[in-house]
Structures are given as C-alpha cells and as structure tokens.
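This report concerns only the one structure given below.
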Amino acid sequence: EAGVAQSPRYKIIEKRQSVAFWCNPISGHATLYWYQQILGQGPKLLIQFQNNGVVDDSQLPKDRFSAERLKGVDSTLKIQPAKLEDSAVYLCASSLDSAGYTEAFFGQGTRLTVV
Amino acid sequence: AQSVTQPDIHITVSEGASLELRCNYSYGATPYLFWYVQSPGQGLQLLLKYFSGDTLVQGIKGFEAEFKRSQSSFNLRKPSVHWSDAAEYFCAVGAPNNNDMRFGAGTRLTVKP
C-alpha cells in the first residue's frame with residue numbers, strides 16, 4: 001500500500017514570495033491533515049479535512065495560509081506571502097475516517113526555508 | 001483543548017539500558033493517547049496508542065506505555081534500548097470523536113554505544 005505522498009521535499013524561498021505544497025493521501029482515506037513542525041517543536045495542526053470539507057482550521061493563519069482539497073482526494077497548502085517564521089517542516093497525514101478514531105499516517109514532509 | 005507536556009527535551013542512555021520517556025497530558029475526560037517516533041528525515045511513525053481498556057499498552061519495536069489517570073501520564077518504556085532507537089519521540093493526545101491530535105514538543109533520544 002502506498003503511503004502519503006508529499007512534494008516537494010525541500011523548498012527555499014525569499015520572504016514575501018508565495019509557495020505551495022502538495023499532498024496525496026493514502027487511497028480511500030477520508031480525513032486529511034496538514035501540520036506545521038517548527039524546529040525543536042512538536043507538530044501543530046493547521047487544518048483538518050473530512051473528504052473535501054474543512055473540519056478544523058482554527059490554528060491556520062488565514063491571512064496568509066490557505067488550503068484546499070478539491071474532489072476530496074489530494075490537497076494543496078499555500079502560503080502567500082511567506083514570512084521568516086514560516087520556516088518549518090509541513091507534514092501531511094491521512095486517516096481512514098474521523099468518526100471515532102483511526103490511525104493517522106504521515107508523509108515525509110516538505111521542509112520550507114524562508115530567507 | 002487538550003495539551004501535552006514532555007518534560008525531557010533530550011535524554012541519553014547507553015545501549016542495552018532501560019528507557020522511560022515521560023508524557024503528561026491535560027484533558028477533561030479520558031483521552032486518546034499516542035506515541036510517535038520520528039527518525040531524521042523521516043515521517044512520524046506510530047509506536048502505540050491507548051483508547052480504553054488495559055492501561056498497559058504494547059507497541060511496535062518492543063515499546064510499551066502505561067496510562068495512569070491519577071497522574072495524567074502516559075510514559076513510554078523499553079527494557080533494553082538499541083542503537084537504532086535513537087530518534088525524536090512525540091507524545092500526542094486526541095479528543096475522542098474529532099481526531100484532533102495535539103503533540104508535545106518531543107524528546108530527543110541519544111543512544112551511547
């Protein structure tokens with residue numbers, strides 16, 4: 001079974017530029033998550049989708065971050081414009097269903113460096 | 001909202017020694033509890049989880065964890081550490097029925113030969 005796929009693996013941009021990350025969850029997984037992991041910290045949930053609807057985006061900085069999951073499969077996370085403090089690893093995860101709990105599987109992440 | 005504290009930022013143990021990583025959580029009811037491991041450049045891998053029932057949970061790679069409600073703790077243990085266990089370990093707490101996991105800051109494990 002293929003895992004959660006993320007691209008790119010690494011990205012370096014200048015502050016005020018825009019960037020987008022892509023995630024393809026495990027086939028059949030209804031729930032998709034985006035986490036931000038700043039160096040030295042644990043992952044922080046940015047947004048959670050159930051199919052193509054948003055379940056929780058309370059910690060997403062909506063002035064600069066946006067995410068979508070069209071057709072309820074793959075997802076993109078965008079930052080526009082980027083700030084230095086956005087340097088982090090962005091992790092995508094998916095799980096079978098959010099009704100009750102099922103295990104979340106994580107991708108390898110995209111490491112973003114903003115200079 | 002739920003939260004997690006991992007008091008130890010970095011722990012060093014000798015290969016073959018026992019290991020205990022501490023995790024304390026804050027949540028008003030019985031939480032879902034998890035331990036994940038993250039090796040350099042890798043994604044997070046689930047070691048074990050607690051939802052209900054037996055408070056001593058067995059996981060992969062020889063790890064176990066014990067849920068202690070009275071202490072709001074879910075410490076991870078391994079009787080004999082291997083060099084390949086060197087990694088970052090994260091404790092996470094979830095609220096039932098919403099799949100919203102909150103992670104601790106992590107504990108970095110170094111294994112001495």
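The values are calculated or read from the model by the stated rules, or taken from the named source; none is laboratory data. Please read these numbers as outputs of a predicted model, since none were measured by experiment. Quick reminder, even Gly has a Cβ in these numbers, built from the backbone with ideal geometry, and neighbours come from all protein chains shown. SASA here: full protein model, heavy atoms, side chains in, ligands and nucleic acids out. Shrake-Rupley method; radii C 1.70, N 1.55, O 1.52, S 1.80 Å.
Computed over the Cα atoms of the protein assembly as shown, the ratio of the radius of gyration to the Kirkwood radius (Rg/Rh) comes to 0.97. A simple spin-label model places pseudo-atoms 7 Å from Cα toward Cβ; at A:Gln59 and A:Thr102 they are separated by 2.3 nm.
An ellipsoid equivalent to region B:14-113, defined through the eigenvalues of its Cα gyration tensor, has semi-axes of 23, 15, 11 Å when rounded to whole angstrom and sorted largest first. Rounded to the nearest 20, the size of the Cβ-charge dipole of chain A about its Cα centre is 480 debye, with Lys and Arg at +1 and Asp and Glu at -1. Tell me the net charge near B:Ser18. Cut-off is 9 Å between Cβ atoms, B:Ser18 excluded, with +1 for each Lys or Arg and -1 for each Asp or Glu. Around B:Ser18, the surrounding residues sum to +1. Of A:Arg64, B:Arg22, B:Arg69, the residue with the largest accessible area leads and the full order is B:Arg69, B:Arg22, A:Arg64 (1.4 Å probe).
Modelled spin-label separation between A:Lys78 and B:Ser70, with each label point placed 7 Å from Cα along the Cα-to-Cβ direction: 5.5 nm. Each Lys and Arg contributes +1 and each Asp and Glu -1, all at the Cβ; summed about the Cα centre of the protein assembly as shown, the dipole is approximately 480 debye. Checked against a 19 Å cut-off, the cross-linked pairs B:Lys49/B:Lys78; B:Lys78/B:Lys112; A:Lys15/A:Lys44; A:Lys44/B:Lys112 give Cα-Cα distances beyond that limit for A:Lys15/A:Lys44; A:Lys44/B:Lys112.
Calculated on C-alpha atoms, the gyration radius of chain A divided by its Kirkwood radius gives an Rg/Rh of 0.95. Normalised by the number of residues in chain A, the mean separation of alpha-carbon contacts (under 8 Å, six or more apart) gives a relative contact order of 37 percent. When each of the peptides B:49-56, B:73-80, B:1-8 is scored by the mean number of other C-beta atoms lying within 10 Å of its residues, the order from highest to lowest reads B:73-80, B:1-8, B:49-56. Per residue, the average separation of C-alpha pairs within less than 8 Å and at least 6 apart gives region B:1-70 a relative contact order of 20 percent.
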